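Colleague: The structure follows.
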Protein chains: 2
Amino acid sequence: MNILLPVRDALDVINGKWKLQIIIAINNGNKRFKDIERQIPGITARMLSKELKDLESHQLIKRTVYDTLPVSVEYTPTPHAATLMPLIEALKEWGTLHRKKILKDKA
Amino acid sequence: MNILLPVRDALDVINGKWKLQIIIAINNGNKRFKDIERQIPGITARMLSKELKDLESHQLIKRTVYDTLPVSVEYTPTPHAATLMPLIEALKEWGTLHRKKILKDKA
DNA sequence: CCGTATCCGTGAGGATACTG
DNA sequence: CAGTATCCTCACGGATACGG
């Protein structure tokens, strides 16, 4: 019955400004640090670094280091990250709707 | 194509720890300040007050003052708030899923 | 009862410079 | 390329007290 509890759980994991955006970027096929950084307007390397660690600890992404020269690192989504897609979809839908409403109200 | 933009818009509105929980509480029929406060474990009156204003400014709730003695105030959802339900549902689903996963991993 | 005002700590997040 | 280190600011959010 208590709908609040699972909602709190979800919010705890995806909180902050960047986590979902990073998931989206990685799901879009961006594996490299720089690629992800470029995909997300406004994010700094520092925040990206921090958030990537956080997401890894929540098992939403996987970090793989390749022993090339220089080293290359790849971030890939885990199966668990895939389960976030309906949520992201809902967020996208509502964001679109809300934007339309704001624009209409201004007119 | 840019899925990030609407997602950012949505995140901007529902950001913070409390906004969605407040929406849920109000949608559950809690109209009075104290009722809402009691529904949400851990929230303080100060935060509730602040967030209610924020939500009102985003047109997600309506604040009505009744000239009784003492004054009573009621918060009710707007039609726009109803459009958040799919999002909340998705959040609830994923929160439940995530909790299950965490518990399984610990075992 | 229904909030608001004030004070304050902490942490999210930003700017910049630097390393392997 | 892939970060880390440092420093900084400001909003989030808690505690308490008070006003209508």
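Computed from the coordinates by the stated procedures, all read-outs in this text should not be read as laboratory data. Note that the coordinates shown come from a computational prediction; the quantities given were computed from them, not determined experimentally. Cβ placement follows ideal geometry from the backbone for every residue including glycine, while neighbour counts extend to all protein chains displayed.
Colleague: Filter segment A:39-62 down to the residues that are within 9 Å of DNA strand C (Cβ to nearest atom), more than 12 Å from the chain's Cα centre (by Cα) and not hydrophobic (A, V, I, L, M, F, W, C) and list them by number.
Modeller: The answer is A:Gly42, A:Thr44, A:Arg46, A:Lys50.
Colleague: Just checking: which of the helices (runs of 4 or more DSSP H) contained wholly in segment B:28-107 hold 2 or more residues that are of a type outside the set (Ser, Thr, Tyr) and within 12 Å of chain A (Cβ to nearest Cβ)?
Modeller: On the way: elements: B:33-39, B:45-57, B:79-82, B:85-106.
Fully inside segment B:28-107 and qualifying: B:33-39, B:79-82, B:85-106.
Colleague: Among the residues of segment A:43-95, how many are of a type in the set (Val, Ile, Thr) and either crowded, with 16+ Cβ neighbours inside 10 Å or touching a residue at least 60 places away in the same chain (Cβ under 8 Å) (or both)? Write out each step before concluding.
Modeller: The first filter runs over segment A:43-95 and keeps only residues of a type in the set (Val, Ile, Thr), leaving A:43-44, A:61, A:64-65, A:68, A:71, A:73, A:76, A:78, A:83, A:88.
Subsequent filtering for residues that are either crowded, with 16+ Cβ neighbours inside 10 Å or touching a residue at least 60 places away in the same chain (Cβ under 8 Å) (or both) retains A:43, A:61, A:88.
Number satisfying all stated conditions: 3.
Colleague: Would it be correct to say that B:Gly16 is surrounded by 13 or more Cβ atoms within 10 Å (Cβ to Cβ), more than 8 Å from every other protein chain (Cβ to nearest Cβ) and on the phi > 0 side of the Ramachandran plot? Quick ask: steps written out before the conclusion?
Modeller: Details: surrounded by 13 or more Cβ atoms within 10 Å (Cβ to Cβ): yes; more than 8 Å from every other protein chain (Cβ to nearest Cβ): yes; on the phi > 0 side of the Ramachandran plot: yes.
Yes.
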